[in-house]
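Asker: Please find one structure pasted underneath; my questions will follow.
What follows is calculated from the coordinates using simple rules that are stated; it is not laboratory data. Here the structure is a predicted model, which is why all the values come from computation and not from measurement. Quick reminder, even Gly has a Cβ in these numbers, built from the backbone with ideal geometry, and neighbours come from all protein chains shown.
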Amino acid sequence: MRRVPKILVIGNGRMANHWRHYLQLLGIHSDHWYRSLDIDLNCKIRSAEQIFLAISDSAILDFYHSNPLLKDKTCVHFSGSLYDANLLGIHFLQSFAQKLYTLSDYQSIPTIIDFPKEIYEKNFPYLNNEVYQIPPIQKPLYHALCVVSGNFPQLLWHDCEKLLKKMQLPKKILKPYLNQCVTNFFSETAPLTGPIVRKDLVTIESNQKSLKGSRLSSIYSNFYNTYKDEELQ
């Protein structure tokens, strides 16, 4: 592996903490700066070669343009939707919880980039994640699909948990079922089950009646109306 450049991580949220931990597990030291530190940012920037902007998407461009010294550095952001020609966009396709992960966990995360692989290989030889390049114009759609596939189910599970709690049932009873659903999605040619697939109108009507008064009622109806005429197997 070639020499690792001097790295500065800017930010103090989950992404910054996970990225610094990943680097530490790789045996790589990284410098660190965030707003509440009483340390001169320009000094940090001058001593770094690669600078990772692990800050909120909406703040990235303002921060970059407000700090002129960044223009002479290799600057990276982690946004899945943002593109700017002055920055390298690296998106780790994973949900980052408060708990830090293991090295094998980090290395198994697919990595999506918005710049040529040749530049990636030249600048980040210390990473061996599986890498996929997409055109910048596709980033908004790519990120929307991440949100739909990852965040939307969480919203549904949240409401399911609340209704289960009213029935004095713990959310942990869903774990084997949800784990199997994910396994089936990646291993079966026809993973989807349930009354909409079977076109079981009696059960569908019963489901809708039982959900009346909850937010899930309209969501169920929308799902049914969207997919009722589709061949789902």
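Asker: Once you wrap a convex hull around the alpha carbon atoms of segment 39-111, what is its projected area averaged over all directions, in nm²?
Answerer: Reported value for the Cα convex hull: 6.0 nm².
Asker: Mind ranking 205-214, 170-179 by how tightly packed they are, going by the mean number of other C-beta atoms within 10 angstrom, highest first?
Answerer: Highest-to-lowest ranking by the protection proxy: 205-214, 170-179.
Asker: Turning to a different aspect of this structure: Where a ≥ b ≥ c are the square roots of the eigenvalues of the C-alpha gyration tensor, would you call segment 135-191 rounded, which needs a/c under 1.5, or, failing that, prolate if a/b is larger than b/c, or oblate?
Answerer: It is oblate, given that a/c is not under 1.5 and a/b is not larger than b/c.
Asker: Where both partners of a DSSP beta bridge lie in the chain, what percent of those bridges are antiparallel, to the nearest 5?
Answerer: So the antiparallel bridges amount to about 15 percent of the total.
Asker: If you don't mind, there's one more thing I want to ask. Among the listed pairs 162/212; 71/99; 139/172, which are separated by more than 24 Å between their Cα atoms?
Answerer: 71/99; 139/172
Asker: Then there's this: Tilt of helix 215-227 relative to the longest C-alpha principal axis of the chain, in degrees (0 to 90, nearest 10)?
Answerer: It is inclined by approximately 90 degrees.
Asker: Which of the peptides 48-55, 59-66, 134-141, 106-113 is most tightly packed, and how do the rest follow, judged by the mean count of other Cβ atoms within 10 Å per residue?
Answerer: Output ranking for 48-55, 59-66, 134-141, 106-113: 48-55, 106-113, 59-66, 134-141.
Asker: Counting other beta carbons within 10 Å of each residue's own, what order do 75, 160, 43 fall into, fewest first?
Answerer: Result, fewest neighbours first: 43, 160, 75.
Asker: Can you show me the helix-derived [θ] at 222 nm for the chain, built from DSSP H runs with n ≥ 4 at -39,500 (n - 2.57) apiece and divided by the number of residues, rounded to the nearest 500.
Answerer: -12500 deg cm²/dmol
Asker: What does the charge count around residue 100 come to, taking other residues whose C-beta lies under 13 Å from its C-beta (Lys +1, Arg +1, Asp -1, Glu -1)?
Answerer: +2
Asker: Let me know the shape class of segment 1-160, please: from the alpha-carbon gyration tensor, a ≥ b ≥ c as square roots of the eigenvalues, rounded when a/c is under 1.5, otherwise prolate if a/b is greater than b/c, or oblate.
Answerer: rounded
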